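Here the structure is laid out as structure tokens; the discussion comes afterwards.
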Amino acid sequence: MATIPYRWQRWLDIYLFLNVAGYFAWQTWKVLAENRLDFIEAVFIAHNVIFCLCFLLRSPAKAIQTAVGHQAVAICAFYSGVFFMGPAATDSPLLLNLSWWIILFGTIIGILSLVQLGKSFGVLIAVREVRTTGLYAFIRHPMYLSDIVMRLGYVLSHPSWFAVALFLASSACYVVRARLEERFLASQDEAYVHYMARVRHRFIPGVL
């Protein structure tokens, strides 16, 4: 466990905001330039705006996991999303429609999760205020679920063994990250222990 001075955390937040916002701005410019702006893309842009703002609005971490391997998993899960971008690579109406609805569902979960997570948003494994309301009253990691669902939708519109392999690797990172994060939070914050006892499932209510 370690702590980082508030000043340095704020500089890091600003850096991450500029980094992520710049990437999403570039992706949005590509969508507009290629005339691909539709309802899904508009909802996804709204999701990305909220996502970027979370870096500026979040609270400083009370404690940060110092195990490099654990944080490497967290970073891989977070940045694996850059591989799931781009126009559809199939002409199948069935796959395109399934992809459309799945990505929309995942994006909506993501927006709700980000709004409800608010100042507790984080990229690395760290202790902030425990969120227990909204989607977090039903599962412990709705934001991770949203990313997995959105990437599943991407795979359906980009059917290939490579896309499937990326999806499985990315999903595995989220599952491992969730376990590592829970272990760390439970060791540092008794409120999270009570939360885990009350909300028993990570990704799917009553199932997983």
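Every read-out reported here was derived from the displayed coordinates using simple, explicitly stated rules and does not represent laboratory data. If you're wondering where the values come from, they're calculated on a predicted model, not measured in any experiment. No Cβ is skipped: glycine too gets one built from the backbone with ideal geometry, and neighbour counts run over all protein chains shown.
I need the calculated FRET efficiency for the pair Ala89 and Glu190, taking r as the beta carbon distance and R₀ as 41 Å, to the nearest 0.05.
Step by step, r from the Cβ atoms, then E = 0.25.
Can you tell me the relative contact order of the chain? Whole percent, Cα pairs under 8 Å, sequence separation 6 or more.
Once normalised by length, the contact order is 25 percent.
Top mean-square fluctuation among Val149, Val115, Val127, Gaussian network model of the chain, C-alpha springs under 10 Å?
Val115
How far is it, in nm, from the label point at Leu53 to the one at Ala169 when both lie 7 Å from their Cα along the line to the Cβ?
3.4
Taking the Cα centroid of region 1-64 and of region 167-187, what is the distance between the two, rounded to the nearest whole Å?
About 21 Å separates the Cα centre of region 1-64 from the one of region 167-187.
Taking N as the number of residues in the chain, what value does Rg over Cα atoms divided by 2.2 N^0.38 Å take?
1.03
Given 0.36 nm per residue, what is the gain on full extension from Val68 to Tyr23 after removing their alpha carbon distance, in nm?
Answer, rounded to one decimal: 13.7 nm.
Once fully extended, how much extra length lies between Asn97 and Thr132, figured as 0.36 nm per residue of separation less the alpha-carbon to alpha-carbon distance?
Value of the extension gain: 9.2 nm.
To the nearest 500 deg cm²/dmol, what mean residue ellipticity at 222 nm is calculated for the chain from DSSP H runs of n ≥ 4 alone, each contributing -39,500 (n - 2.57), summed and divided by the residues?
-22500 deg cm²/dmol
Mean Kyte-Doolittle of at least -1.0 plus a Cα span of 24 Å or more along the axis: flag which DSSP H helices in the chain meet both, please.
Span-like helices, by this rule, are 6-33, 39-57, 93-117, 161-188.
What is the diffusion coefficient of region 1-121 in µm²/s, taking the Kirkwood radius over Cα pairs and the Stokes-Einstein relation at 20 °C with a viscosity of 1.002 mPa s?
Once the numbers are plugged in, D ends up at 131 µm²/s.
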